[in-house]
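Asker: Take this structure, written in C-alpha cells, and hold onto it; I'll ask about it next.
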Number of protein chains: 2
Amino acid sequence: MQTEHEVVVLRLGHRPGRDNRMTTHVGLTARALGADSVLIAGAASGSKETIEDITGRFGGPFDVELTETPEKVITGWDGTVIHLTMYGLPIQDVESKIRTAHRNEPVLIVVGAEKVPFDVYEKADYNVGVTNQPHSEVAGLAVFLDRLFEGTELDREWENATHEVVPMETGKKVEPTETE
Amino acid sequence: MQTEHEVVVLRLGHRPGRDNRMTTHVGLTARALGADSVLIAGAASGSKETIEDITGRFGGPFDVELTETPEKVITGWDGTVIHLTMYGLPIQDVESKIRTAHRNEPVLIVVGAEKVPFDVYEKADYNVGVTNQPHSEVAGLAVFLDRLFEGTELDREWENATHEVVPMETGKKVEPTETE
C-alpha cells in the first residue's frame, strides 16, 4: 500500500489442486487489504495468474511471486516476522507492538495451510492468533491487515486500473477508468 | 455471541464439491468471530458436519442449519439484512448505522458464492463492500464481524468445550477443559 515499510504475505504449504482457491483468496485478500505483495510457496501458477489478472484490471501496485525456498524468505527477512496461528498470542494483546514495529521496518506475514513446520513458530517474532479458535487463514489475514493498517487500507488509491467499481446502494456498477 | 439481538450468517450459492472448503471457512469464521449461527443454502452436509465437530470440541453456542429456501429467510427476516458485496457501499461509511440497527434488532448477513441473484441486492437493507475490490467472501465476513462487534468478539467465552487452546508465544498447547 506504499506505506513507508512494505508488508509482504508469505503463503506456506500450498497443495496444488486442493488449495488453489484458498491460496487465490489469500492473495486477493492480501492485495485488497493493503499488503504490497504475496509470495506463494509451491506450484501455484494458477493462483498467481488469477491474482495478476485482477491486479491488471482493478489496479495495483501489487506483486505476486512463487518461491521454492520459503524458509530462506523467513530467515532472511530484514524486519518483523509475524506468523498467524490459532495457537499464538491474542491479536488484541500484541497488535499495538506490531504496529510500532511496522513504523520502523518491513513486516512479513506468514500464513499457513493445514500444517506449519515447528521451525516457523520459532523463527517468527510474533505468533499471533486472530482468536484461538480454528477458522480460516483468509479470515485471520483479513482481520490482521485491517488492524495493522487501522482501516486506512480501505481508502487506498489504485494505480493503472482499467476498471473500477462505483459503490452503489443497490446494484452493480463497473466503469472503465479514465486513461491518462 | 449472545448479544441482545442475534447475528445470523446466510451462505448463498453453495455448489457441492467445488465450494465445500469455502463454505466450511465461512461457517467457521462466523462461529469464531461472534455470529450466533450459519444457515447454508444447499447440499452442504459435509461443511455442516465439520462446523459442528469444531463446535463440539471448542465450544459454543453456535448453530448450523441447511436451508432449501434462502429467499424466504431473507424476505421473512425480522430485523436488518446486510448483503456483503464488492459493489456495495463502503463499510467505513455505513458500519456505524449498522451497529445502531443491531442494538435494536437481529441482523442477517448474506454472503454469496460466485453469482448472487439481483433480488438479494434489492431485498437487503444494506449492500456493503469491504473494499470495492474482488477478494474473498471469507475475508469480507471476517472484517465485517470484527467491525460490527468492535473487537468484543475476541473476548467471548465458550461454553461446553471439551478442549481449549492456551495462547503461547511459541508452540502449540491444547488442553482439555475442566468438566463442571
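The values are calculated or read from the model by the stated rules, or taken from the named source; none is laboratory data. Just so you know, these numbers come straight off a predicted model, no measurement behind them. Every residue, glycine as well, gets a Cβ built from its backbone with ideal geometry; the counts of neighbours run over all protein chains shown. Please note that ligands, DNA and RNA were not included when accessible areas were found on the heavy atoms of the full protein model with its side chains. Shrake-Rupley method; radii C 1.70, N 1.55, O 1.52, S 1.80 Å.
Asker: Tell me the mean residue ellipticity at 222 nm calculated for chain B from its helices only (DSSP H runs of n ≥ 4, each -39500 (n - 2.57), averaged over every residue, nearest 500).
Answerer: Per the formula, -11000 deg cm²/dmol.
Asker: Any idea what angle helix B:45-58 forms with the longest principal axis of chain B, computed on alpha-carbon atoms, 0 to 90 degrees, nearest 10?
Answerer: 40 degrees
Asker: Something else now. Given C-alpha coordinates of the protein assembly as shown, what is the ratio Rg to Rh with the Kirkwood estimate of Rh?
Answerer: Reported Rg/Rh, Kirkwood definition of Rh: 0.94.
Asker: Could you estimate the translational diffusion coefficient of region A:1-65 from the Stokes-Einstein equation, with Rh from the Kirkwood formula over C-alpha pairs, at 4 °C and 1.567 mPa s, in whole µm²/s? Could the numbers behind the result be given before it?
Answerer: On the way: Rh = 11.6 Å.
Diffusion coefficient, whole number: 111 µm²/s.
Asker: Continuing with the same structure: Along its three principal axes, how long is region A:63-180 when you only count alpha carbons? Whole Å, largest extent first please.
Answerer: Its Cα atoms span 48, 31, 30 Å along the three principal axes.
Asker: Determine the order of B:K72, A:K115, A:K172 by accessible area, beginning with the largest, at a probe radius of 1.4 Å.
Answerer: My answer, sorted largest first, is A:K115, B:K72, A:K172.
Asker: To check you understand DSSP bridge types, tell me what percent of the beta bridges within the protein assembly as shown (both residues inside) are antiparallel, rounded to 5.
Answerer: Beta bridges within the protein assembly as shown, antiparallel portion: roughly 15 percent.
Asker: Hey, what's the Cα Rg ratio for region B:65-121 versus the globular rule of thumb, 2.2 N^0.38 Å?
Answerer: Values: Rg = 12.2 Å, N = 57, 2.2 N^0.38 = 10.2 Å.
So the Cα radius of gyration is 1.19 times the expected 2.2 N^0.38 Å.
Asker: What do you get when you divide the Cα radius of gyration of region B:129-175 by 2.2 N^0.38 Å, with N the number of residues?
Answerer: 1.58
Asker: Considering only A:L154, A:L33, A:L145, give the residue with the highest GNM mean-square fluctuation for chain A, with springs between Cα atoms whenever their separation is below 10 Å.
Answerer: Sorting by GNM fluctuation, first place goes to A:L154.
Asker: Just to be sure I understand the model, the point goes 7 Å from the Cα along the line to the Cβ. What's the resulting A:N20 to B:T75 distance in nm?
Answerer: Result: 3.7 nm between the two label points.
Asker: Any idea of the accessible area per residue across region B:21-126, 1.4 Å probe, to the nearest Å²?
Answerer: Value returned for region B:21-126: 41 Å² of accessible area per residue.
Asker: Still on this structure: Return one whole number: the accessible area per residue of region A:133-180 in Å², for a 1.4 Å probe.
Answerer: 53 Å²
Asker: Here is a further query. If you put +1 on each Lys and Arg Cβ and -1 on each Asp and Glu Cβ, how big is the dipole of region A:135-180 around its Cα centre, in Debye rounded to 20?
Answerer: On the way: 4 positive and 12 negative charges, 55 e Å.
In debye, rounded to 20, region A:135-180 gives about 260.
Asker: May I pose another question? Label position 7 Å from Cα toward Cβ: report the copy-to-copy distances for A:P16 in nm, one decimal, ordered from shortest.
Answerer: 3.0
Asker: For the pair B:F118/A:D119, report the inter-label distance in nm, with labels modelled 7 Å from Cα in the Cβ direction.
Answerer: If labels sit at B:F118 and A:D119, their model points lie 5.4 nm apart.
Asker: Interface size between chain B and chain A, please: total buried accessible area, 1.4 Å probe, rounded to the nearest 100 Å².
Answerer: Roughly 4600 Å² of accessible surface disappears when B and A pair.
Asker: Then there is this: In Å, the Kirkwood hydrodynamic radius of region B:1-128 over pairs of distinct alpha carbons?
Answerer: Answer for region B:1-128: a Kirkwood hydrodynamic radius of 14.8 Å.
Asker: Can you give me the three principal axis dimensions of region A:33-97 from its C-alpha atoms, in Å, biggest first?
Answerer: Principal axes ranked by extent give 38, 27, 23 Å for the Cα atoms.
Asker: Distance between the C-alpha centers of region A:122-173 and region B:89-122? Whole Å please.
Answerer: If you average the Cα positions of each part, the centres end up 18 Å apart.
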